[in-house]
1. Order B:Met112, B:Met17 by their accessible area, 1.4 angstrom probe, all chains in place, largest first.
2. Between their Cα atoms, which of C:Lys227/C:Lys335; B:Lys116/B:Lys141; A:Lys80/A:Lys291 are more than 21 Å away from each other?
3. Please give the average number of partner chain Cβ atoms lying within 10 Å of the Cβ of each residue in A:79-85, rounded to a whole number.
4. Which distance in Å, rounded to a whole number, links the C-alpha centroids of region B:61-108 and region A:33-48?
5. Which order do the peptides B:206-213, C:142-149 come out in when sorted by mean C-beta neighbours inside 10 angstrom, highest first?
6. Using only protein heavy atoms and a 1.4 Å probe, report how much of C:His171 is accessible, in Å² to the nearest 10.
7. How many partner chain Cβ atoms sit within 10 Å of a residue's Cβ in peptide B:84-91, on average, as a whole number?
8. Taking only DSSP H segments of four or more residues, each worth -39500 (n - 2.57), what value at 222 nm results for the protein assembly as shown once the sum is divided by all its residues, to the nearest 500 deg cm²/dmol?
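The values are calculated or read from the model by the stated rules, or taken from the named source; none is laboratory data. Since this is a predicted model, take the numbers as computed values, not measurements. Note that each Cβ is placed from the backbone with ideal geometry, even for glycine, and that neighbours are counted across all protein chains shown. Surface accessibility is based on the protein's heavy atoms, side chains included, excluding ligands, DNA and RNA. Shrake-Rupley method; radii C 1.70, N 1.55, O 1.52, S 1.80 Å.
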Amino acid sequence: MPAVQETVDQVRRIDVDQYKYGFVTDIESDRAPKGLSEDIVRYISAKKNEPEWMLEWRLEAYRRWLTMTEPTWARVHYPKIDFDDLYYYSAPKSTKGPKSLDEVDPELLATYEKLGIPLREREILAGVEGASDRRVAVDAVFDSVSVVTTFKEELKKAGVIFCAISEAIREYPDLVRKYLGSVVPTSDNFYATLNSAVFSDGSFVYVPEGVRCPMELSTYFRINERNTGQFERTLIIAEKGAYVSYLEGCTAPMRDENQLHAAVVELVALDDAEIKYSTVQNWYPGDKDGKGGIYNFVTKRGDCRGARSKISWTQVETGSAITWKYPSCILRGDESQGEFYSIAVSNGYQQVDSGTKMIHLGKNTRSRIISKGIAAGRSDNTYRGLVSAHRKASGARNFTNCDSLLIGDQCGAHTVPYIESKNASAVFEHEATTSKIADDQLFYCLQRGLTSEEAVALIVNGFVKDVIQQLPMEFAVEAQKLISISLEGSVG
Amino acid sequence: MTAVRSVAAGMNGQIKMLSIKNLHASVGDREILRGVNLEVPTGQVHAIMGPNGSGKSTLSYVLAGRDGYDITDGSIVFGGEEIVETPAEERAAKGIFLAFQYPLEIPGVATMTFLKAAMNAQRKARGEAELTTPDFMRRVKVAAEKLNVTQEMLRRPLNVGFSGGEKKRNEILQMALLEPKLAILDETDSGLDIDALKTVSDGVNALRAPNRSMLVITHYQRLLDHIVPDVVHVMAAGRIVRSGGPELALELEANGYADYVGAAAA
Amino acid sequence: MNAEPRILNTPAEVTLAEAFSASRGHLPGDAAVAAARAVAFDAFQKKGLPHRRTEAWRYTDLRVLLRSVPPAPPAAPASIASAALLPGLDRARLVIVDGAYRPELSDLSGLDGVEVTSLATLLDQGDERVGALAGRLDDAMVALNTAMMTGGVAIRVPAGLDVTRAVEIAHVTSGAYSVFARNLISVGAGASLRVVESFTGPDAAASVANIVTEAVIGDRAKVTWAKLQAEGNAAVHLSTTAVSIGGESQFDHLTLMTGASISRSQSFVTYGGEFARAGLFGATMIGGKQHADIMLGVDHAVPNGASRELFKAVMDGKADGIFQGRIVVRPGAQKVDGKMMTQGLLLSEDASFSVKPELEIFADDVQCAHGATSGEIDEDMLFYLLSRGLPRAEAETLLVTAFLAEAIEGLGDEAIGEAFEQVARDWLADRKTLS
């Protein structure tokens, strides 16, 4: 029960409506002119010293994007975004691609320190006991650039490449050209296409054949600048028999206006490879009246390209004003496996439309979906998921469980599953429930002396336990705290 | 005493109900039965005991003709006839009955409907006339009373919402009605308390007959206190490794299976 | 891009526009009805035929599936062969041939006190019941029906009347015609009614039926309603049932889909009063290249309602079975208990099953759940039956019948349930002889 106690303590400590990562770093930035045009695309590409093929790739995506319209099928509502009123590139002036930690602007280091993210290699994640012998390599992305990547050398010894994607484009062009856009094509959807045109940074991971990555890899995304869109791009490749566990975290300052974050993540797992991708998404959700907050429009997809490969998505979504993301698995290799574990917490005026797609193409492919949605305040929380078996997916199996919990009578919880089977031997099972915390459970806790807030935290922790267990240990505690904080003030 | 006499009778060339020779069966790449040899003369009750994973349940499924097992070698002769290629439903009609360890729940199929369908299907396969409804009802009533199976249970969908004991009684009821020549009881004692065990055993004992053989598969000796076998076989690692009289069961109870697990692996 | 006016461009859409221009002058109804028709056709034209991006119709893309539209039925009433449907079920019959109510073919005995009127008469009188519920649906095919409806029947059961004899509304299509019918049912407070709706037509006739039924069920009323879609094998069947149920009423509805080449049956139930209970059941049995889509929508607009949806589909051949279910709980509709279950059984390698069981919940003190499964006949169950001596075909039939029976018996009407189960058994028997 220590985790529960932590949660309870945390609830007590934090003031209502207090987003603790909402500070602004005062740092001089180098920004592209406002708006989007071919020139801006060229500007970004030039800033990154990109080769010609990369610029062409971006321009093609940009031209495609001009012909596309924003998707409207998700259950989210927001004023029309003026894509010409955004900055598409912003970088701290002091950063000219630091070679080592000593060269990083101290102001930036202080920022990450304040966020509890260890950039000095001897440090461990703030406040996590029992993790002292476990190290995590970090790529820190600040607005549009990667400011530092830790443990690079040590990883290199194992053959693992972990660096900013801008660096990978220059240093490992063959790998990038082979895999970039191979899972999420440039034409995939409005936001992915936009990202393809203007992405600025993100992480690149390559784990060679048979290598088990010696440590957890993680990227911390921070949006700092005003009116700036963040468009990161992440590409992870696990060669035959490789294994990697990767975690991303995201925060942003509290600002009155909405900010756009449109990322693309592509994962490729070859024969017998396994990729575990965990997200703790805590972008600024907006204030208690629904003002401000991040629009989080993200395309994440994993391709189980090889036989017996496995991709597992775990997400804890507590931030953002609007979340629109569906981390998916294409189960192409025979006997490949996909997993999706999700906790989505919404409070205030947050809107979440999230879920997954499990596309069964290969024989004897398996997938598992566990989704826990918690809606409070005046928020709307939608699970949207597709499970499909194509003609040749004999022996495919899916199990889906999605539960929703409503706290208060002003919020909405919705479940929109799509199940499509074109193969008789595919066996799909789906179950979903929607309920509130039972009065008798609450009473039982109150009778034992817990406050109603403690009782809710306790019961919610039980509700999300199946998913929390999937997170790397370092982040499970953090995620649990985050959930309680997000639900602050939700109990009347 | 009984056991010794029966074994002797068997050796004297009495007609074999079941004769298994060098039976090998696999699931996928894994060989589970690795050369089973077993003979069950007509009228006898044989027990097969063995540790978990020794292949006991597989043997019962293979005898009943379940899909999914590759018979790679050997023969199963039942009533003088090779049945390795015979489909499950035809084996049932020939008189092989398997009492399942975990009887299936089939929602929407009333127990009565199912009993009638099964009895008539077997009669039809044997070229006999279908039962009239009154005749069927009478048979069910008589058998159900003996096994403490209520009318209410018979109206419910097959095994749905039945307790463990009710499911096992329902299996024995089916055995009584279908009158098999060879009854295979797969872990029939599992999940039963002592009272239910007695009811079920009494039901089984009442069905012992000179023209009927039984194969009782069990992990524990306690079932054999109630259903006393003529011969006890020990199965380990997919083979019959030892055979003897009822006293063998007691020996196993005292010493466990450790010797056989080791011996089989060697 | 989306702002550009939409141009009707499928041949079917063009034919429909021509048909409306040609017939609008002589369709039944007073001036108000004519005006409503024009508004409705305009709404249809704006939407066009539903297509895969029309979320509610995503699996039944009529822009692709509806290649052409047949002509209107001839003015002279067609003679029809008496249907041998549902033998043994005692019921009164209201016969509608090609969208026109035919009293001379109907049998109203046992309906004392029940008011039965031809829809054409009601339209001429401008009855406010027409469109009261259908008008709220945002659906292109319902709008098209409002524009083009030619006839149908209206049934009114006065408060407190217990109608024990079942009433069949028998829709018969005589050939390859476009049929637009509208029916109205009103059941007064505390009254009860058993309805059987049937849809039949000759094989090989490429008819397109678009039928809308509106039903208002009063407080404490009890209505049992079973719908049998057994159209001919080349038919397109599109039907919509819009129901509002009063406080403490009980409404049980079964849709059995087995006929037609392409079919879509949609039922929408809105709760008008508290403590009402609705059971919505669906059973689909299709084979060959049939396409059958059932949509069941439940709208808990008020607190304390209960709903059950149970849908079973059996697909053989290359058939496509589809189910879309939706339970909506509106803000403030507390203490709602909503459960939905959908199960598909694929009997052949080329069949497919698509489902979208949706929950949309805006109140916290609710108990809502849904489940969905898809697969082939359970191997373990099959082996259990085989091991008892049942031949494979018989064991399969037993399992499939049991699978479907759960939905059919959910209706809770023994006589109608038995008649419908016989339809299921007949289908399975035919299937066996085919394979």
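1. Numbers: B:Met112 40, B:Met17 10 Å².
Order by accessible area, largest first: B:Met112, B:Met17.
2. Values: C:Lys227/C:Lys335 30 Å; B:Lys116/B:Lys141 13 Å; A:Lys80/A:Lys291 15 Å.
Over 21 Å Cα-Cα: C:Lys227/C:Lys335.
3. Numbers: counts 0, 0, 0, 0, 0, 0, 0.
Average per residue, whole number: 0.
4. 73
5. Values: B:206-213: 15.1, C:142-149: 25.0.
Top of the packing list down: C:142-149, B:206-213.
6. Number for this one is 10 Å².
7. Working: counts 0, 0, 0, 3, 11, 12, 3, 3.
Mean inter-chain Cβ contacts per residue within 10 Å come to 4.
8. Working: 30 runs with 323 residues, N = 1193.
It comes out at -8000 deg cm²/dmol, rounded to the nearest 500.
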